[in-house]
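Undergrad: Next up is a structure, given as structure tokens.
The values are calculated or read from the model by the stated rules, or taken from the named source; none is laboratory data. All figures in this text were calculated on a predicted structure; none of them were measured in a lab. Don't worry about glycine lacking a Cβ; one is built from the backbone with ideal geometry, like all the others, and counts go over all protein chains shown. These area figures cover heavy atoms from the full protein model, side chains too; ligands, DNA and RNA do not enter into them. Shrake-Rupley method; radii C 1.70, N 1.55, O 1.52, S 1.80 Å.
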Amino acid sequence: MNRLSILVQSLTLAGWASIGPVPYSAMASSSYLAPNPSDSSGHIPYLYSTPVDWRSYNKAIIEPVVIYRGPDQQFADMSEEDKISLASYMQTRFVEKLGRRFTLVNQRGSNTVRVRLTLTGAVTNTPVLGTLSRFDVAGGVYNGAQAARDEEGSMTGSVYAVEVFDAATSRLLSAFVSKQYPNPLNIKASVGALPAAEAGLDKGAETLVAQLR
């Protein structure tokens, strides 16, 4: 069982590690995105930013999450049902987190940002053995080391893009693509097909709120 779990873990890692965010070609802000030299974590490898005093914005319009359909999407063999479920979860969590920072509105106006969220990729957890790999010797050592470095372990996560506009002028203020995943020792996130991807989105929502303060 240990050998089998290590093999499955290795295959899962190989598949997920190949999902590196790209400046998704079918996204409106694609031509603005550039490699982010200050990102050593790999969480936000592509970025566009302008000097913005985020404190001058106190309201936000949050558009419905879009499931990316471009040729460079990174959903592997994820089912359409799982994509829709994950996009719905993303909408709920980002609205919840951003609602603590902004007054959420539906009309454009001054002091208002418009946030566009795009789910561009995700991989489902490997059933059963994905969880067992957290408990065997090899999995425990690997995930412990990755957790200490705040790097991805043997669980998957989500890849997404964020575009933030000035709602009154439609000027692009910030855009980035991000890869987020749960802490490698988060056992709860390893149970079921989508919890790891959902945990990645939880972290992404918290990160976005911190960036817009």
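Undergrad: Can you list residues whose amide H is under 5 Å from Gly121's amide H, if they're 5+ apart or on another chain and H is modeled 1.01 Å from N?
TA: Excluding prolines and chain starts, which carry no amide H, the hits are Gln74, Val159.
Undergrad: Could you tell me whether the range 33-85 comes out rounded, prolate or oblate from its Cα gyration tensor? Rule is a ≥ b ≥ c as square roots of the eigenvalues, rounded for a/c under 1.5, then prolate if a/b exceeds b/c, otherwise oblate.
TA: Taking the square roots of the gyration eigenvalues as a ≥ b ≥ c, the range 33-85 is oblate.
Undergrad: On a 1.4 Å probe surface of the protein chains, which of Ser88, Ser158 comes out largest in accessible area, and what is the full order?
TA: Numbers: Ser88 70, Ser158 0 Å².
From most accessible down to least: Ser88, Ser158.
Undergrad: Pop the C-beta distance of Val105 and Asp77 into the FRET formula with R0 = 45 Å and round what comes out to the nearest 0.05.
TA: On the way: r = 39 Å, r/R0 = 0.86.
About 0.70, to the nearest 0.05.
Undergrad: Starting from the Cα of Ala168, step 7 Å along the direction of its Cβ; do the same at Ala28; then give the gap between the two resulting points in nm.
TA: Modelled inter-label distance: 1.9 nm.
Undergrad: Still on this structure, please answer the following. Tabulate in residue order the Karplus-calculated ³J(HN,Hα) for the range 33-50, using 6.51 cos²θ - 1.76 cosθ + 1.60 with θ = phi - 60°, rounded to whole Hz; enter x for Gly and Pro.
TA: These are the phi-based 3J(HN,Hα) values: 6, 9, x, 9, x, 8, 8, 8, 7, x, 6, 10, x, 10, 8, 10, 8, 10 Hz.
Undergrad: Run the numbers for Thr50 and Ser38: contour at 0.36 nm per residue of separation, minus the present Cα-Cα distance, in nm.
TA: Here the segment from Thr50 to Ser38 would lengthen by 2.8 nm.
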